[in-house]
Amino acid sequence: MKDKTANEICQVDADAEKLLLARLAASGGENVNALWDLATFYSTTSEPMAAMKYVEKLSSLADNAEDKAHCYLSMGQIMERNDDNENAIKFYKQAFALEPMSNNTWYLINNNLGYCLNQLGRYAEATSYCMAAIKINPERHNAYKNLGLAFEGKGEYPIAAKCFFKAVMVNAADPRSLAHLEKLIAQHSELLTQMPELSAKLEECREAVKAAAGT
């Protein structure tokens with residue numbers, strides 16, 4: 001049964017690929033929506049190099065800095081999903097240099113740079129990008145989480161704990177920040193003495209995550 005299900009999924013993917021390629025060919029190969037659909041398809045089917053080919057084509061067709069920055073952001077995200085953080089950083093920095101006007105694009109470039117730099121142990125660099133992302137949009141949680149990881153990497157554990165707490169409070173539906181906070185406290189129990197309020201904050205985070213999960 002499992003093999004049959006896998007075969008059926010492969011057939012669905014193959015059929016979808018044919019339809020998307022036919023749609024692009026019918027448009028003369030330069031339909032922006034068709035190109036994005038193909039890039040997304042290959043990215044979600046774990047074919048990053050195929051996805052990159054179509055995003056690179058989109059970049060060559062982009063007629064303004066905003067669209068080109070979005071393409072570089074997408075290329076960075078593809079590399080990041082492929083665990084190639086070095087090349088992801090290169091694409092994010094190319095997008096960064098274009099200074100896109102969209103707050104969403106600008107937030108993601110800074111946040112994702114922070115994430116990739118953390119993965120490479122470059123915590124001091126990551127800190128500034130995460131802070132920039134938070135300044136752009138303080139209502140999103142990922143940059144608080146990544147900032148916490150940067151401070152944790154630098155050995156500044158109390159600040160890291162505060163960042164993880166803030167990330168949970170901004171979006172308790174994502175339990176990763178709570179997991180990071182719990183792990184930090186487990187590894188550095190002295191924080192409970194240094195920060196008398198931390199036990200209560202930890203429980204507040206746990207309750208918030210439970211409520212968000214509906215449990």
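Here are the numbers for this structure:
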quantity: Test: residue in segment 172-181 that is in contact (Cβ under 8 Å) with a residue 40 or more places away in the chain and either farther than 19 Å from Ser199 by Cβ or not hydrophobic (A, V, I, L, M, F, W, C) (or both); calculated: yes
quantity: Residue list for segment 60-84, filter: closer than 20 Å to Gly28 by Cβ and either surrounded by 19 or more Cβ atoms within 10 Å (Cβ to Cβ) or of a type in the set (A, V, I, L, M, F, W, C) (or both); calculated: Leu61, Ala62, Cys71
quantity: Qualifying positions in segment 24-50 - surrounded by fewer than 16 Cβ atoms within 10 Å (Cβ to Cβ), in a helix (DSSP H, G or I) and over 24 Å from the mean Cα position of the chain (by Cα); calculated: Ala25, Ala26
quantity: Helices (runs of 4 or more DSSP H) enclosed by segment 106-174 - at least 2 residues per element that are farther than 22 Å from Ala95 by Cα; calculated: 142-153, 157-170
quantity: Residue that is surrounded by the fewest Cβ atoms within 10 Å (Cβ to Cβ), among those in segment 108-123 that are in contact with a Phe, Trp or Tyr (Cβ under 8 Å, 6 or more places away or on another chain) and of a type in the set (A, V, I, L, M); calculated: Leu117
quantity: Boolean, Asn137 is under 25 Å from Thr105 (Cβ atoms), buried (at least 20 other Cβ atoms within 10 Å of the Cβ) and out of contact with any Gly (no Cβ under 7 Å at 6 or more places or on another chain); calculated: no
quantity: Condition check for Pro196: assigned to a loop (DSSP other than H, G, I, E, B) and either of a type in the set (Phe, Trp, Tyr) or closer than 30 Å to Gln94 by Cα (or both); calculated: no
quantity: Leu184 part of a helix (DSSP H, G or I), touching an Asp or Glu at 6+ places or on another chain (Cβ under 8 Å) and either within 27 Å of Lys135 (Cα to Cα) or modelled with pLDDT under 95 (or both); calculated: yes
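The values are calculated or read from the model by the stated rules, or taken from the named source; none is laboratory data. Just so it is clear, the structure is predicted and the values come from calculations on it, not from any experiment. FYI the Cβ positions are ideal-geometry reconstructions off the backbone, even for glycines, and counts take in every protein chain you see.
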